[in-house]
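Structure record follows, encoded as structure tokens.
None of the figures in this text is laboratory data; all of them are computed from the coordinates on show. The model shown is predicted, which means the values in this text are computed figures rather than measured ones. Note that each Cβ is placed from the backbone with ideal geometry, even for glycine, and that neighbours are counted across all protein chains shown.
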Amino acid sequence: MSITDSEKEKKILIDLHCHILPGIDDGALSLSESLIMAQSAEGGGTRKIVATPHYFNDYQNPRPVTKAEVKSKFKELKNFLRLNRCPVELYMGAEQYGVSNLIPLIENDELITINDSRYLLIEFSLDDDIELLEVTDSNTAADFLESHMLLGLDSLDTDKLFTLVGNALG
């Protein structure tokens with residue numbers, strides 16, 4: 001199947017990191033606020049949004065968040081957007097803080113990947129290289145990411161960005 005010139009001109013924007021799930025973290029507070037966020041994104045040309053709330057305990061999310069809670073909020077918001085005729089496609093993900101116990105969490109299937117793919121959004125603080133060196137014998141956050149790739153997940157670099165979008169979002 002070939003792509004027509006008019007299809008090539010259509011620009012599809014994808015938001016890969018959005019705190020749109022209501023009541024989970026420091027993002028949207030309500031379904032109404034999530035709808036406003038989605039409508040605003042759609043008005044700017046965004047067609048797909050990956051919902052990436054802070055996952056587990058960290059400085060921005062002081063209470064525990066479970067995988068079941070994220071999935072429930074995701075389904076609730078996806079249905080709410082559909083009922084309100086918002087055309088933005090919503091995908092599930094999470095923003096996992098790069099903590100020392102990330103490897104066991106991956107091994108125990110406790111993390112939320114982007115759209116149930118092999119891709120994981122990880123946030124690192126400015127001090128992570130020091131923390132990882134002390135806990136995992138990794139010299140840098142990059143070493144840490146390379147070590148987790150052996151478990152079947154991929155880190156994101158600019159060369160993989162378009163592949164990620166195609167593979168993870170279908």
So how do 76-89, 22-35 stack up, highest first, on mean other-Cβ count within 10 Å?
-> 22-35, 76-89
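Around SER40, what is the net charge, scoring Lys/Arg as +1 and Asp/Glu as -1 over all other residues with Cβ under 14 Å from its Cβ?
Result for the local shell: -2.
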Cα-based convex hull, segment 15-87, per residue volume (Å³, whole number) | 77
When Lys and Arg each count +1 and Asp and Glu each count -1, what net charge do the other residues less than 11 Å away from ASN115, Cβ to Cβ, add up to?
-> 0
